Structure formats: structure tokens, C-alpha cells
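Bear in mind that the values in this text are calculations on the coordinates, not laboratory data. Here the structure is a predicted model, which is why all the values come from computation and not from measurement. So basically every Cβ, Gly included, is an ideal-geometry build from the backbone, and we count neighbours across all protein chains shown.
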Amino acid sequence: MTMTTTAIDDTNLHNGAMTDPVSPNPEVLERSSGRRQFSAKYKAKILAEYDTLSRLERGALLRREGLYSSLITTWRDQRDKGAETALARPAGRQKADPRDREITRLTREVGRLEGELDTSRRVVEIQAKLSALLETLASTSTAESSEKK
């Protein structure tokens, strides 16, 4: 029994063979170079959904999202620690630390004193220049008066 090419084509078509004469693009797309980062909102959404599902459905969720069960464990720990920290904090506004007020006051005082020191240094510098100028004038006037005699 011989088969014609049309019979072979019909057989391949029914077997699920591709009929598209164009070959697929062999180029492999680049993957992200960095690690994936998940927002807190996404983590909370996934944890809420994960906790409501049965064991088989949980696996399907992880495969669908491309996640590992270790991520779920880590995210649960983060959520629980965050909740404990938030609940341990006292309600209302935190009291101001007296040390912070003292540090601010001392910083302002240091700035004021540095300004006064700078002014004092300028005054001493000017006084030294004035003294040198007066000495020069005094020696010049003494020399002129001795020449006139």
C-alpha cells in the first residue's frame, strides 16, 4: 500500500502535527538579572488567599505565581513579627526624649559661641593691625621731629 502526499498530510493533520510552514522564532528572551521583589500588599494578598485554600489548591497557587513554599513561611514570620511590634507599641504619641532636647539646645549654643569666637578673633586681628600702624606712625613722627631740630 502506497500513500500519497495528500494522505500523509491528512494523517499528520489528524495526529496534531503543526501545519504552519513558518518555523518558530528560536530566540530566547532575556530574564531579569536581579531578584524578584514583592510588595507588602502582594505578600498580604497571597498569604490571605493561601490560608483559605486546601492543600492541593495551595500547590496550584504556588505554581501559578511562581513561588516557593519557603517564601510563604518567611512572609508569615514577617507578618507575625510586624503585628507583634505594632501591638507592643503604646498607643498615642511617643514622648519626647529629654536627651534630644538637651542635644538640640547644646547644638544651638555651640553655634552661637562659635559665632562669638569668630567675632572676637576678628577684633583681636584688627587691634593687632591698628597697633602696628600706630607704632609705624609714632616712629615716623619721632624721626621727622628729630630731623627738624
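Miscellaneous remarks
- Breaking point among (1) over 30 Å from ARG35 (Cα atoms); (2) part of a helix (DSSP H, G or I); (3) among the aliphatic types (A, V, I, L, M), for ALA96: (2)
- Figure legend. Inter-residue proximity from the range 77-90: first residues under 20 Å from ALA48 (Cα atoms), second residues of a type outside the set (A, V, I, L, M) and surrounded by 10 or more Cβ atoms within 10 Å (Cβ to Cβ), beta-carbon distance below 9 Å, spacing 6+ or different chains. Indicated pairs: GLN78/LYS43; ARG79/LYS43.
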